[in-house]
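Colleague: Quick one: the structure is below, and I'll ask about it shortly.
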Amino acid sequence: MDWNLIRTFLAVARAGQILGAARTLGLNHATVARQLTALEESLDVRLFERLPQGCRLTPAGEALLPTAERVESELLQAGAKLSGAAAAVSGTVRVGAPDGLGNYYLARSLAALAAQHPALTIQLVPLPRTFSLSRREADIVVTLDPPRQGRLMVTKLTDYSLSVYASAAHLARQGAVTRKADLLGRLFITHVEDYAYSRALDYAAELSKFMTRHYECGSVVAQMEAVRAGFGIGILHDYAAASFPELTRLLPDIRFTRSYWLTTHADTHDTRRVATVRDYIVQSVRGNRDAFVL
């Protein structure tokens, strides 16, 4: 069986559409469709239902999927052993991370690593969402909760803290905040509950009973910028807020502590490229642990 055709099958199964698979594989839409048809013809079975909204696995496709993933796993492990002897770190490593850590720490830190390795391409994807390692959406994932299922290698990166902040301009205009009652009537800049992808994001409830006026933003960066602009008060990551001198930490008795977890897939954990980026992230974050917890 042609591995290129199996690789295309896996990409379509994971993306749920031919166009998404084409982007992943670096091929055009017609080539992916043609390869998928060739695989189906060689097996004399339909693997997908091709629908207007995407591709859905048929029972035959569901049956083929675990076998295809085992083949992929064995090839990845063989590649890891062979590449281990290579002198240079090369290839592409995609890192999925929460947008707070990704934008306010990893973006700068991983740029330094990329500059050290000309043959290594690091793709940082800092988004407020989860990433699937089994579907190869990323090679390394940082999460707010430790994953419980799958052939995954999990390590705790660090705890981090969040506190209540306002800008100097806001406090000058609206008055100081020395107790919770001073929050009444002010605009609370917080996350969009419908897009909360982890239970670790539940800290906003602490202030909601005092602040009934909400401006809700779908990302940490948007919340940070709104607070910096002086229009309201928000709960921000302490390590990120430290970079902005115009922000003042309020109500020191209110603080939230959460954790970051780093996860890789067992199949790629020891590949040279993934191991290099993984170890760098761990050492960098742990080496700056004091910055993450106020």
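Colleague: Can you classify the stretch 196-259 as rounded, prolate or oblate using the Cα gyration tensor, where a ≥ b ≥ c are the square roots of its eigenvalues, rounded means a/c under 1.5, and otherwise it's prolate if a/b beats b/c and oblate if not?
Modeller: On the way: a/c = 1.25, a/b = 1.16, b/c = 1.08.
Since a/c stays below 1.5, the shape of the stretch 196-259 is classed as rounded.
Colleague: Run the 1.4 Å probe and let me know the accessible area of Asp145, rounded to the nearest 10 Å².
Modeller: 60 Å²
Colleague: Along its principal axes, what span do the Cα atoms of the stretch 213-291 show, with the longest given first and each in whole Å?
Modeller: Here the Cα extents, ordered largest to smallest, are 48, 26, 21 Å.
Colleague: Moving to a separate point now. Distances longer than 25 Å among the Cα atoms of the stretch 32-164: what percent of all pairs is that?
Modeller: 48 percent
Colleague: Using alpha carbons only, how many angstrom separate the centre of the stretch 243-294 from the centre of the stretch 102-145?
Modeller: For the stretch 243-294 versus the stretch 102-145, the Cα centre distance is 12 Å.
Colleague: Using the Cα centre of the chain as origin and beta-carbon charges of +1 (Lys, Arg) and -1 (Asp, Glu), tell me which of Phe244, Gln123, Asn288 is placed farthest towards the positive end of the dipole.
Modeller: It is Phe244.
Colleague: Taking a probe of 1.4 Å, how large is the accessible area per residue of the chain, in Å²?
Modeller: Details: 14780 Å² over 294 residues.
Accessible area per residue: 50 Å².
Colleague: Kindly state, as a whole number, the per residue volume in cubic angstrom of the convex hull around the alpha carbon atoms of the chain.
Modeller: In the chain, the Cα convex hull volume per residue is 154 Å³.
Colleague: Using helices alone, I'd like the mean residue ellipticity at 222 nm for the chain: each DSSP H run of four-plus residues gives -39500 (n - 2.57), total over residue count, nearest 500.
Modeller: -11500 deg cm²/dmol
Colleague: At a 1.4 Å probe radius, which order do Tyr215, Tyr195, Tyr104 fall into by accessible area, largest first?
Modeller: Tyr195, Tyr215, Tyr104
Colleague: Tell me the carbon and sulfur percent of the accessible area for the stretch 129-223, rounded to whole percent, probe radius 1.4 Å. Can you show the working numbers first?
Modeller: Numbers: 2450 of 5040 Å².
Here it works out to 49 percent.
Colleague: Moving on. So if I take the alpha carbon set of the stretch 139-213, get Rg, then get Rh from the Kirkwood formula, what is the Rg over Rh ratio?
Modeller: So for the stretch 139-213, dividing Rg by the Kirkwood Rh gives 1.11.
The values are calculated or read from the model by the stated rules, or taken from the named source; none is laboratory data. Keep in mind the model is a prediction, meaning the values are calculated, not measured. Positions of Cβ are backbone-derived with ideal geometry, glycine not excepted, and every protein chain shown enters the neighbour counts. Just so you know, the surface numbers come from the protein's heavy atoms only, side chains and all, with ligands and any DNA or RNA stripped out. Shrake-Rupley method; radii C 1.70, N 1.55, O 1.52, S 1.80 Å.
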